[in-house]
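J.: The structure follows.
The values are calculated or read from the model by the stated rules, or taken from the named source; none is laboratory data. Note that this is a predicted model, so its numbers are computed, not measured. Cβ placement follows ideal geometry from the backbone for every residue including glycine, while neighbour counts extend to all protein chains displayed.
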Amino acid sequence: MNGQWIGNHNYPNELLNDIREMRRSNRLPKEYSIVRDIDKREIKIYTDGGRVQRAMFVVDNNEIKLRKKHVSKIISKQWDFEQFFRHGLVELLDVEEEESAMIAMFIKDIDNNRVSK
């Protein structure tokens, strides 16, 4: 964490998924950066400030979690943008986390990936 070694874990994929789910469900701050470095066999968690981050829509199992009902709530001012984070629809990624993320530029890219599997 922030360059300090914390410990070992026998199931890194499960640990990584659990930590990301904790961030998406607001049990960890949304600003935390979580990176798996397979070559070094490390999971890096950055909590320090000053990293540039950008908002990304969350996709699970090739399905974008954002729905028209969510967009309607923000248009009608029932929600502010913070609600997208609280409901796990959007997350913040810094440059290092983006390097290991699969990012689709368009919704059709997600749809094309779904068809090809």
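J.: Which members of the range 37-78 meet the condition of being free of Cβ contacts under 8 Å to residues at least 12 places away in the same chain and under 26 Å from LYS108 (Cβ atoms)?
T.: Result: ASP60, ASN61, ARG67, LYS68, LYS69, VAL71, SER72, LYS73, ILE74, ILE75.
J.: Follow-up question, since we're still on this one. For LYS77, all conditions in the list (1) charged (D, E, K, R); (2) part of a loop (DSSP other than H, G, I, E, B); (3) within 22 Å of TRP5 (Cβ to Cβ); (4) at pLDDT 90 or above hold save one; what is the number of the exception?
T.: Result: LYS77 passes all but (3).
J.: Considering only strands (runs of 3 or more DSSP E) fully contained in the range 20-73, which possess at least 2 residues that are under 11 Å from the mean Cα position of the chain (by Cα) and either closer than 14 Å to GLU98 by Cα or of a type outside the set (Lys, Arg) (or both)? Steps first, please.
T.: Values: elements: 33-37, 42-46, 53-57.
Where strands (runs of 3 or more DSSP E) fall fully within the range 20-73 and carry at least 2 residues being under 11 Å from the mean Cα position of the chain (by Cα) and either closer than 14 Å to GLU98 by Cα or of a type outside the set (Lys, Arg) (or both), they are 33-37, 53-57.
J.: Looking only at the range 56-78, how many residues end up being on the phi > 0 side of the Ramachandran plot and surrounded by 10 or more Cβ atoms within 10 Å (Cβ to Cβ)?
T.: The first filter runs over the range 56-78 and keeps only residues on the phi > 0 side of the Ramachandran plot, leaving 61-62, 77.
So of that shortlist, the ones also surrounded by 10 or more Cβ atoms within 10 Å (Cβ to Cβ) come out as 62.
Number satisfying all stated conditions: 1.
J.: Would you confirm whether or not the range 88-97 contains a residue that is in contact with a Lys or Arg (Cβ under 8 Å, 6 or more places away or on another chain), assigned to a helix (DSSP H, G or I), surrounded by fewer than 15 Cβ atoms within 10 Å (Cβ to Cβ) and without any contact (Cβ under 8 Å) to a residue 40 or more places away in the chain?
T.: No, the range 88-97 has no match at all.
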